[in-house]
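One structure is given below, encoded as structure tokens.
The values are calculated or read from the model by the stated rules, or taken from the named source; none is laboratory data. Model, not experiment: these values are computed from the prediction. Please note: Cβ atoms are built from the backbone with ideal geometry, for glycine as well, and neighbour counts cover all protein chains shown. These area figures cover heavy atoms from the full protein model, side chains too; ligands, DNA and RNA do not enter into them. Shrake-Rupley method; radii C 1.70, N 1.55, O 1.52, S 1.80 Å.
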Amino acid sequence: MTELSLSAESVQGDFFQLDHPHAVVNLQRKQHVQIHAERLQLGNASIDHPDMTLEISARPSLLITSEQLKMPDYQVRRPRIYLDYRLQTRQPVVTVDAEVKAMQDEVWGKFHVYCQLPTQASQETWQCNDGLYHDVRSHIPFNLTVMPTWHTASNTKASRGLELQLAVKDAKFSDAAGLHAAERLTGVMHIAAHEVANGWRWQGVFEWQQGELFWQPFYFAEGNKRFEIRGLYASPILEIEAATLSLQGVGTLHSQSRFNLDSQRFEFLKLDAKDVDFNGLYQSFIQPLLPDSVFGQLKVNGKADWSFEAKGLQPVKFQLDVADATVEDQRGKFGFAHLNAHIPWDYDQPQQISMGYASGHVLKIPLGKTQWQANVNRFSITSPTLSLPVLDGALIFEDVSAAWIHQSMVWHLKMDMQPISMRTFSQALGWPVMRGEIKGQIPLVTYANHALRMDGEMQLSLFKGQVALSDLEVDDPLGAVPKLHANLRMREIDMGEITRTFNFGSITGKLEGDVQHLRLQNWKPVSMNAVIQTADGPFEKKVSQRAVENITALGGEGTAAALQRTFLRFFKQFGYEKMGLSCELRGDVCKMGGVEQIPGGFVIVKGEGIPSVNVNGYTEYVSWKDMLARMRRITDSNSKMIVK
């Protein structure tokens with residue numbers, strides 16, 4: 001007889017179970033045993049049809065190989081587990097090598113770890129060194145220490161326990177989608193757990209010492225972060241009794257929660273943070289969530305306290321307190337200084353919020369000191385009145401109401417504009433100094449579906465006349481590319497006031513105009529039908545020679561002015577019957593027109609009386625950018641005068 005075969009239904013140990021093993025002992029090589037089995041179970045991992053070779057000698061060893069190993073969330077192929085006994089240390093050693101990948105990934109990586117096994121595996125420390133996972137995107141060196149522990153209380157039996165320490169140094173990784181990545185990551189994770197009557201009590205400490213981590217959409221750098229957590233696990237509930245996250249440059253976050261592993265949902269969640277650095281909070285958590293919104297490029301500072309509580313998927317409480325903060329949009333759209341806010345919210349109880357700032361600006365327009373209070377009831381906010389000082393006037397908002405409906409904000413208000421001086425308004429925007437004032441009322445402004453609508457007209461008093469804005473609609477006003485539609489009407493505008501304001505030369509008379517279907521995209525004109533011309537009436541109509549030169553320059557190439565030669569040297573102003581320009585803008589091309597059509601062109605200024613002047617235009621299509629450039633050069637006298 002050369003072989004001896006042994007079979008069994010099952011062989012079990014503290015950490016393994018071998019189903020239907022079949023061992024063959026070579027009697028000629030008595031130290032060699034070949035074992036085949038249906039399955040080898042190691043905790044949650046199982047190896048189908050393992051091949052095992054046992055060498056019984058002064059240095060015994062066991063080699064386990066297979067085509068695959070099964071474990072939750074991962075695929076493992078060609079596992080190789082080698083167990084041998086080292087005479088020098090008199091301690092068994094296990095080496096594990098395999099190819100591994102996550103279920104959803106396509107990249108296979110190589111896994112290696114080397115562990116010194118204690119003599120009493122269930123009571124002494126397991127030390128695993130020189131661990132490494134490596135693939136085309138990742139390189140993760142690690143060391144692992146596992147210590148079984150036993151806790152014994154009076155009059156009770158001992159309970160199982162485990163302490164684990166995992167250390168990584170200069171690790172890097174990324175996933176296929178690019179949503180998670182790390183570079184030079186160094187840190188230590190400590191986890192301890194022990195069995196209690198109703199489950200497992202556990203605690204952990206995670207210390208991130210250095211390196212960079214990106215976890216879409218959040219980015220963290222420079223390490224120096226600590227996370228402490230403790231709780232109870234009683235299937236299927238994971239109770240987090242206390243968790244503390246310390247972030248350098250932000251502050252400390254505390255939380256409690258209850259998570260159902262079967263439903264994969266939080267049954268309860270509570271977060272709170274005190275004396276948080278507003279800038280660190282914004283850069284780490286707020287900005288990554290809103291990169292392309294109006295809040296995506298802010299410079300902030302100050303302190304904040306905040307808390308949040310939810311049951312199931314339903315928020316139940318929230319509070320944010322901001323103290324002496326500064327918020328400045330780096331694109332110059334808005335800013336607020338010495339901002340203070342108290343914003344409580346409770347699903348079951350109405351609350352009152354208050355906000356205020358010492359100063360601010362919107363699109364370079366200064367805002368004065370403002371205080372605002374409102375009532376909040378679940379997902380709606382109401383305030384009877386809000387006064388917003390602007391320059392030397394104010395905007396008075398009444399019947400303010402807002403609500404969060406179907407994942408979108410909806411609001412409406414009425415507005416009364418107290419007179420704002422055009423002098424201060426134009427100076428704030430860097431325009432030529434204007435006279436007059438802006439005032440008016442808006443019966444109703446609504447915002448819904450990311451669009452703003454204005455009912456009625458907004459009346460402005462400018463240059464001793466009236467300007468009316470109507471049919472105002474703004475799509476996505478706080479977005480990256482807002483779109484505006486409106487109609488504009490001008491009546492009884494004093495030409496003398498305009499020409500003195502813009503240093504244009506002298507023109508007397510009244511101006512009227514209509515801008516129909518004005519469309520702005522990102523606050524730049526892309527379409528409109530505009531007609532601006534002098535009004536009929538029993539008033540003086542005179543134009544200076546300098547104004548004629550500037551009108552000619554505004555018309556561009558092909559524009560000609562005709563003056564009566566006899567009176568050119570004696571008079572500096574001339575009579576006209578009417579003057580005007582029109583523009584049909586589509587994209588960047590403006591189709592020009594005047595007060596009358598002539599062969600090959602149009603009339604911009606039609607003279608009348610003695611002396612008189614005529615200005616004709618012959619370029620029908622011009623670039624809007626060129627038109628704006630001409631307006632900026634309007635005082636240049638570079639047009640050729642044709643004298644008759």
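The figures follow:
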| item | result |
| --- | --- |
| The range 202-307, Cα convex hull volume normalised per residue, Å³ | 121 Å³ |
| Mean ellipticity per residue at 222 nm, deg cm²/dmol - from DSSP H runs of n ≥ 4 across the chain, formula -39500 (n - 2.57) | -1500 deg cm²/dmol |
| Pairwise FRET efficiency - D275 versus D346, Cβ, R0 = 25 Å, nearest 0.05 | 0.65 |
| Residues of type aspartates and glutamates that K524 reaches as a straight line, Cα spacing below 12 Å, ignoring anything fewer than 8 places off in the same chain | D588 |
| Qualifying trypsin sites (Lys or Arg not before Pro) for the range 315-350 [loop in DSSP, other Cβ within 10 Å: at most 16] | R331, K333 |
| Inter-label distance, nm, simple model (7 Å from Cα along the C-beta direction), D416/A234 | 6.2 nm |
| Span per principal axis, largest first, for the Cα atoms of the range 138-246 (Å) | 52, 27, 26 |
| Over 32 Å (Cα to Cα) - which of K274/K483; K169/K317; K110/K225; K369/K625; K225/K317; K483/K591 fall in this group | K274/K483; K169/K317; K369/K625 |
| The range 68-141: trypsin sites (Lys or Arg not before Pro) in DSSP loop, at most 16 other beta carbons within 10 Å | R90, R137 |
| Within straight-line cross-link reach of K364, aspartates and glutamates at Cα separation under 13 Å, skipping those fewer than 8 residues along the same chain | E328, D329 |
| Rounded to 10°, Cα long-axis angle of helix 545-555 versus longest principal axis of the chain | 40 degrees |
| Three principal axis lengths of the chain [C-alpha, angstrom, descending] | 139, 55, 37 |
| FRET E, pair L164, I532, Förster distance 60 Å, beta-carbon r, rounded to 0.05 | 0.15 |
| Modelled FRET efficiency - R0 35 Å, S623 with D475, Cβ distances, 0.05 increments | 0.85 |
| Label-point separation in nm, W404 to Q427, each point 7 Å along Cα→Cβ | 4.3 nm |
| Relative contact order (%) - the range 420-533, alpha-carbon pairs under 8 angstrom, separation at least six | 18 percent |
| Rough spin-label spacing in nm, given labels placed 7 Å along Cα→Cβ, for D84 and W215 | 4.0 nm |
| Bins of 5 Å, starting at 0 and running to the largest distance - Cα pair percent for the range 1-108 | 3, 11, 17, 22, 19, 14, 8, 4, 2, 0, 0 |
| Accessible carbon and sulfur surface of the chain relative to its total accessible area, %, 1.4 Å | 55 percent |
